[in-house]
1. Run down Q66, Q76 and say which single residue is more than 16 Å from the ligand (Cβ to nearest atom) and under 28 Å from A157 (Cβ atoms).
2. Could you list all residues from the stretch 238-290 that are part of a strand (DSSP E or B) and under 20 Å from the mean Cα position of the chain (by Cα)?
3. Which members of the stretch 29-63 meet the condition of being without any contact (Cβ under 8 Å) to a residue 60 or more places away in the chain, within 14 Å of the ligand (Cβ to nearest atom) and among the aliphatic types (A, V, I, L, M)?
4. What number of residues within the stretch 175-190 satisfy the criterion of being surrounded by 19 or more Cβ atoms within 10 Å (Cβ to Cβ), over 15 Å from L211 (Cβ atoms) and more than 13 Å from the ligand (Cβ to nearest atom)?
5. Would you please name the residue that is nearest to D19 (Cα to Cα), looking only at residues in the stretch 96-135 that are in contact (Cβ under 8 Å) with a residue 60 or more places away in the chain and within 16 Å of the ligand (Cβ to nearest atom)?
6. Enumerate the pairs (first residue in the stretch 180-199 and more than 17 Å from S268 (Cα to Cα); second residue anywhere and open to solvent by 50 Å² or more (accessible area, probe 1.4 Å) and assigned to a strand (DSSP E or B)) with beta-carbon separation below 6 Å, excluding pairs fewer than 6 apart on the same chain, so at least 6 apart or on different chains.
7. Does E193 count as open to solvent by 70 Å² or more (accessible area, probe 1.4 Å) and farther than 23 Å from N87 by Cβ?
8. Report yes if I289 is in contact with an Asp or Glu (Cβ under 8 Å, 6 or more places away or on another chain), closer than 26 Å to N11 by Cβ, surrounded by fewer than 19 Cβ atoms within 10 Å (Cβ to Cβ) and in contact (Cβ under 8 Å) with a residue 12 or more places away in the chain, otherwise no.
Amino acid sequence: MNLLAEYKNGNYVVRLFDDGTKELVTEDDKFIACFPDSIDLKITDYCELNCPMCHEKSSVLGKHAQLDAEFIDKLQAGTELAIGGGNPFSHPELVPFLTKLKEIGVVPNITINERHLSRYKEVIEELIAKKLIYGLGISLASYEESTFDFAKSYPHAVLHVICGIVDVDKLIDMGSEEHKLLILGYKKRGRGESFYSNEVRDKIEECYKALPRISSKYGIVSFDNLALKQLDVKERIKEDLWEERFMGDDGQNTMYIDLVKGEFAVSSTAETRYPILDNVEDMFEVIRIK
Ligand code: SF4
């Protein structure tokens, strides 16, 4: 694997490799960041899929964000941006925006719903070829064989599922060593609040029980912090493995920015939001977990 970016953030060094590996190294007991090395960035509320659990309440009435916020030009090269929506591919300024990020040296990852994949496949392939995106998250919805084949063909593709929504049997059936999987927690926000039910709770439980089988099927399995809690991952793995792999709480070296509403927060599930400032260090200082 080749080194994609290396920079200092507070008391540690961040190294990003072209296979998606991220390494944080410090000589101290804990990592103290000066800015987020990974940012969730929402660029649109537009999406026509109308999923019943959508925590962003995205719809065909959703607006696209202006992508010219001042803080973007000042981002540290090597910062990872997880670009989402809404459907980020519906944003008319997506390609110029990605081109600008490439010039700055920012590393963009983007998420697409599986049901949008066939429509945007050519665009995605072009973006990959031009190195305008690195990570590609594919939110599984219909578990098509073609999706799993596509994910296999691109080494930076990561299949996404939400515990509480995931079809565990299909996930186990279709996964392989060549696939990477990210399990996200169920967000009781937006439409996800009213969609939450005993059925969702039971599916989280089902996912909890099936986790060893899921993990044995996929080459790499990772979690967001919400899923780590909902699936009790810390209690289920060896302490030294947790110490080695846990990337920190939300707000330790990450944050969320909603460019549509012009707000930032510690994470996309946080209730407390603040108006966007001109640089990311100042925003991070507001939400940082100390
Ligand atoms: S969950 Fe994703 S795909 Fe579904 S409506 Fe929301 S933004 Fe669209």
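1. Values: Q66 fails: under 28 Å from A157 (Cβ atoms).
None of the other options fit; the residue is Q76.
2. The first filter runs over the stretch 238-290 and keeps only residues part of a strand (DSSP E or B), leaving 254-258, 263-265, 274-275.
Answer for the stretch 238-290, where residues must be part of a strand (DSSP E or B) and under 20 Å from the mean Cα position of the chain (by Cα): T254, M255, Y256, I257, D258, E263, F264, A265.
3. Passing the criteria: V60, L61.
4. 2
5. Per the criteria, the residue is N113.
6. So the pair list comes out as K180/I220.
7. It is false that E193 is open to solvent by 70 Å² or more (accessible area, probe 1.4 Å) and farther than 23 Å from N87 by Cβ.
8. Values: in contact with an Asp or Glu (Cβ under 8 Å, 6 or more places away or on another chain): yes; closer than 26 Å to N11 by Cβ: yes; surrounded by fewer than 19 Cβ atoms within 10 Å (Cβ to Cβ): yes; in contact (Cβ under 8 Å) with a residue 12 or more places away in the chain: yes.
For I289, the condition - in contact with an Asp or Glu (Cβ under 8 Å, 6 or more places away or on another chain), closer than 26 Å to N11 by Cβ, surrounded by fewer than 19 Cβ atoms within 10 Å (Cβ to Cβ) and in contact (Cβ under 8 Å) with a residue 12 or more places away in the chain - is met.
The values are calculated or read from the model by the stated rules, or taken from the named source; none is laboratory data. Note that the structure is a prediction, hence the values are computed from the model and not measured. Neighbour counts run over all protein chains shown; Cβ positions are idealised from the backbone, glycine included. Surface accessibility is based on the protein's heavy atoms, side chains included, excluding ligands, DNA and RNA. Shrake-Rupley method; radii C 1.70, N 1.55, O 1.52, S 1.80 Å.
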